[in-house]
Amino acid sequence: MNHTNEFVRSKQPYDAIVVGAGASGLYALYHLQKRGYNAMLIEAGDGVAGTWYWNRYPGLRVDVESVEYSYAFDDDLQQEWEWSERYAAQPELERYFNHVADRFDLRPSILLSRRVTAAQFDEASGRWNVETDRGETFDAQYCIMATGLLSAPKDVNFPGLDEFKGVTAHTARWPEEGIDFAGKKVAVIGTGSSGIQVIPIVAETAEHLTVFQRTPAFAVPLRNCVPPEGYFEEVKANYAEWRRREKYASFGGWVAVNYKPVDLTTTSALAVSEEERLALYEDRWESGGLAFYNVYPDIFGDRAANDTLAEFLREKTRTRIDDPAIADILIPNDYPVMMRRLSAETNYYETFNRDNVTLVDVRATPIQSFTPIGLQTTEQEYDFDIAIFATGFDAMSGALVRIDIRGRDGQALTDHWSDEIRTTFGMMASGFPNMFYISGPGSPAPLFQPVLFCEDQMTWLTSLFSHMKTQGKTVVDPTPEFEETWIQECDRALDVTLFNETPSWYVGGNIEGKSGRGLIYFGGIHPYREWISKCASNDYAGFALQ
Ligand code: NAP
C-alpha cells in the first residue's frame, strides 16, 4: 500500500468518490471540495486528463477552439493560461488538465493507476462500496461516475487477429512511446474523427498506407493555426460575455466563427434565398472546424434543409480529390450530414492524392479476417506491418457497463440497461441511489462540449445534496415512473431529428445489438436545463428521498 493510498484512506469515510480524472471528474472533485464535501477521485490511468491522457495518437487535437474548450469556473485560470494554437493538440491539453489539478491542489485527493472494477450500494447504510483492481475498497455516501462518454474503446474482434504478426494499436490506447511509421506499411481501419486525424500524419512517413473505410464521413477543414495577433487577448478581455454566449446562446457550447462570437441562427435553411444560404455556408467553411453546427436549426430535423448543407460540403470536398473514383468512395451520399459527428480535418482528402496511399472500400469488399501478414477482404489480401484501429467507442454507457455496478437488492446496472439505457436526466438510474453520472447516457453531453457541461450537472447535483441535507435525508433515488417520463422525453426529442437515419455511435448503431433508446438526449442543452431546473424548483419531484 503506497503513501498516497494511506493518505487518502485516512480521510475516510467519504462524502463522495469521483471516478475518472478527465475534464468532468477533475471539475467534480474541485466543485465538491470547494463546497466542503470530503471527496476523493480514483483514476485508472497513470495521469490525469481523461480523453487527453488515453488518446495520444499523432494528429490528435481538439476541434472546438481552445479558448472555448476550457473551464469557465475560475477567471484567474482562464486569464493566466496561454494557448499556443487555435485548436490545442493533445500534449497541450494534457498539460492544461495537469495544470488544473495542480493549481487547485487536487492531486492529494486523486488516486491514480487503479481501475474501479465494482461498486455496490449498501441498503443498510445508504452508502456505496467501491472496489478497485488493486483489491482496495472505499466507502462513500455519493458515487460520481465521471467515466467519460467516449472512453471505452469498442472491442476489436476481427477473426484471425491473434494470428497477425505485426504491431497493433488503437487510437484510444496509443502507446506513450509512440510508433515509428518510417519505412513501414501501415493500415488504418476506421474513418471517423480519430481515423481522419491520424491518417494524414501516418501518410507523411509511412512507406505505404492502406485505409480501410466502411462508412465515409463528412469532414470539414479545421484550419488550425496560431490565431491572428491580439485574438486571445480580445477573448480574455471579454471572457464573461463569451462564456455567457457559449452557455446560454449557442448550440454546442462554442460561438467562435472567424474569430468573432456569433449568435445562433434561428431561421430555416429553406426560408432564405439560395444566395443567402450559400453565403452563410461559405462563412462557416472559411472559419473551419465545428462552425457548421451553428447554421440553420432545421438541418437537424428536415431532410430537405439538411440536403442543402450536405450538397454544399460534397461539392467543396470533390474539388480536393484528384481521382473521381476515389472521391465517389470518400464522399457520403446516403445519410444526412451532422447525424454522424462532423469531423474536422487537416489535409485529409489531399492525403488520398498521394502515391503511397490506397483507399479500400470495405463496404463494397468487407474485411473477412486478419492473416499473419495483414488482412483479407472479400476481394483480395493486403499486407502491412502495423495495424491502427480507429474503430471508435462503446459510447455513453460503455465505461459504466464495464464496472460491476450493483444497486438496490444487488441488481446489476447491466440488467437495468439490458433492453435499453434507462436513466433519469442522464444523471441517475432508478434503483441505483446516490450514484450519479456526469456526461452520462441519457444526457445531451455529446451535443454540448463536456468541459462546460460538467459545470451544469455538478451545480444541479450539489443543490440536490443541499436540499437533502435541509430535509434531513441521505439517500436519493429517481422513481421508476419519473425515469419512464425521461425516456419518453428522450424518444420524443430523437423522433424530431434525423439522427436515426444512420447507425452511428450517437444511436448505438456502431455496436451490434446496442439500443439507441435513451442513449442521448437529443433535445440539447437548453430544453435539458429547463427540465432539470423545473424539477429542482419543484422540490426534486420524481426523486424519492429517504
Ligand atoms: P467513430 O466515429 O465511431 O469511427 C469509427 C470508425 O471505425 C468508423 O468509420 C467505423 O465505420 C469504423 N469501424 C468500426 N468498426 C469497424 C469494422 N469492424 N470494420 C470496418 N470499419 C469499422 O470513432 P472515432 O473516430 O474514434 O470518433 C468517436 C468520437 O470521438 C467522434 O465522433 C468525436 O465525437 C470524438 N473525437 C473527437 C476528436 C476531435 O477532433 N476532437 C477526435 C477523435 C474523436 P462504421 O461507421 O461503418 O461503423
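List of remarks:
- Whichever lysines have a C-alpha closer than 30 Å to that of residue 185, once near sequence neighbours (fewer than 8 apart) are set aside: 154, 165
- DSSP beta bridges in the chain [antiparallel fraction, %, rounded to 5]: 40 percent
- Net length available on complete extension from residue 155 to residue 274 is 38.4 nm, with 0.36 nm assigned per residue and the Cα-Cα distance removed.
- Convex hull per residue volume in Å³, alpha carbons only, for the chain: 153 Å³
- For region 240-285 and region 376-406, distance of Cα centres in Å: 35 Å
- Close amide H pairs (under 5 Å, H built 1.01 Å from N) link residue 188 with 210, 211, 212, 388, residues at least 5 positions away or on another chain.
- Think of a 1.4 Å ball rolled over the protein heavy atoms: the chain then has 39 Å² of accessible area per residue.
- Nearest-ten-degree value, helix 480-495 long axis tilted from longest Cα axis of the chain: 20 degrees
- Our estimate of slack between residue 373 and residue 541, defined as 0.36 nm per intervening residue step minus the Cα-Cα distance, is 54.5 nm.
- Given charges at Cβ of Lys, Arg, Asp, Glu: region 231-318 dipole, positive-most of 285, 310, 253: 253
- Degrees separating the helix 274-287 axis from the principal Cα axis of the chain, which is the longest one: 70 degrees
- The phi-based Karplus calculation (6.51 cos²θ - 1.76 cosθ + 1.60; θ = phi - 60°) puts the 3J(HN,Hα) values of region 361-366 at 8, 8, 6, 6, 10, x Hz, whole numbers, x for Gly and Pro.
- As a fraction of the 1.4 Å probe accessible area of the chain, surface on carbon and sulfur atoms comes out at 47 percent.
- Here the peptides 437-450, 119-132 are ranked by packing, the mean other Cβ count within 10 Å, and the order with the highest first is 437-450, 119-132.
- Mean Cβ count within 10 Å, highest first, over the residues of peptides 301-314, 364-377: 301-314, 364-377
- Cβ crowding within 10 Å averaged over residues, with 252-264, 187-199 ranked highest first: 187-199, 252-264
- Estimated Rh, region 231-318: Kirkwood, alpha-carbon pairs, angstrom: 13.8 Å
- FRET efficiency for residue 467 and residue 355, using Cβ-Cβ distance with R0 set to 45 Å, rounded to 0.05: 0.10
- 28 Å Cα-Cα threshold exceeded, pairs from 11/34; 473/534; 34/247; 236/534: 236/534
- Here region 278-317 is scanned for amide nitrogen atoms under 18 Å from the site 7 Å beyond the Cα of residue 328 along Cα-to-Cβ, giving 314-315, 317.
- Each residue, residue 411 and residue 162, gets one label point 7 Å from its Cα in the Cβ direction; the gap between the two is 3.8 nm.
The values are calculated or read from the model by the stated rules, or taken from the named source; none is laboratory data. Quick caveat: nothing in here was measured; it's all calculated off a predicted structure. Note that we place each Cβ from the backbone using ideal geometry, even for glycine, and neighbour counts take in every protein chain shown. The area values use the complete protein model at the heavy-atom level, side chains included, leaving out ligands, DNA and RNA. Shrake-Rupley method; radii C 1.70, N 1.55, O 1.52, S 1.80 Å.
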